[in-house]
Each structure stands twice: as C-alpha cells, then as structure tokens.
Amino acid sequence: MHKLDTSYTMYFNLNNRRTGSLFEGLFKAKMIETQEVLIHVIRYILINAVVKGIVSSPIEWRWSSYPEYFDPEVKPICTIQEIIDYFGSLARFKAFIEDTDASQGLAREIEQGKDEDALFL
C-alpha cells in the first residue's frame with residue numbers, strides 16, 4: 001500500500017508541477033476554548049461553501065450537517081440538539097447561520113488574505 005501511495009503521489013505531483021505530500025499543510029487544529037468561539041466556528045463551517053461560491057445557500061451543500069437541522073428526511077449523524085438548545089430555537093440558529101452581513105464580512109476577510117485561524121481568536 002505504501003508503494004502505491006508513493007507512486008500515486010509522485011505521478012500527481014509530476015502532472016501538477018508540485019512537490020511534497022498530497023495533504024501537506026491542509027489540516028490545522030485549534031483548541032476551542034469558549035462558547036463564543038465555538039458558535040462562530042460552527043457558522044464558519046456551515047457557510048464555508050457559500051463563502052467560497054460553491055453553493056448559494058448552506059442547505060444546498062450536501063457534505064454539510066446543515067440539512068440535518070431542517071430536513072426531516074435526512075438522518076442525523078451529528079448531535080444537533082445541543083446546538084439548537086444553545087440558541088434557544090431552530091429559528092434563532094438559522095438566523096445566526098444565515099446572517100448575510102456576517103457571512104459577507106467573513107468572505108471579505110478571507111479574500112483580503114486574513115489568516116482564517118485569526119478569525120476566531
């Protein structure tokens with residue numbers, strides 16, 4: 001398996017004029033120390049596809065947990081009740097996530113090259 005992984009990485013790097021591991025530098029971990037940071041990280045995760053222009057609404061991104069909150073047909077894999085309880089209602093949670101001004105502000109900061117880690121500190 002290692003030989004296969006190495007061979008594929010070499011092939012991919014050669015064809016894409018890059019070097020190093022395929023997953024080099026993509027993963028970051030930060031300790032979430034406050035509730036305020038937690039809710040903003042949740043918003044960031046749920047609207048990231050919108051901010052990046054992949055979809056126009058967080059409900060459209062099938063790889064997100066967002067549909068679990070609003071579509072009874074979707075079987076939840078996340079523990080969503082704790083988040084709903086924090087906001088007091090599903091409507092308040094939705095309003096927070098879909099706050100267009102906050103989403104656009106986040107998009108501007110990312111476009112300006114602000115370190116995404118710094119957005120939550």
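Placing a pseudo-label 7 Å from each Cα along the Cα-to-Cβ vector at Val74 and Gln35 gives an inter-label distance of 2.5 nm.
In order along the stretch 81-97, phi translates into HN-Hα couplings of 4, 4, 5, 4, 4, 4, 7, x, 6, 5, 5, 5, 4, 4, 4, 5, 5 Hz, rounded to whole numbers, per the Karplus curve 6.51 cos²θ - 1.76 cosθ + 1.60 with θ = phi - 60° and x for Gly and Pro. Annotation: extensible slack from Arg18 through Asp5 equals 3.1 nm (criterion: 0.36 nm per residue apart, minus Cα-Cα distance). Exposure proxy ranking for Arg92, Arg17, based on other Cβ atoms within 10 angstrom of each Cβ and starting from the fewest, stands as Arg17, Arg92. Here the Karplus curve 6.51 cos²θ - 1.76 cosθ + 1.60, taken at θ = phi - 60°, turns the phi angles of the stretch 6-21 into couplings of 5, 4, 5, 4, 4, 4, 4, 4, 4, 6, 10, 6, 9, 9, x, 5 Hz, with x standing for Gly and Pro.
No lab work stands behind these numbers, since they all come straight from the coordinates. Only a predicted model underlies this, so the values are computations on that prediction, with no experimental measurement involved. Virtual Cβ from ideal backbone geometry, glycine too; neighbours counted across all protein chains shown.
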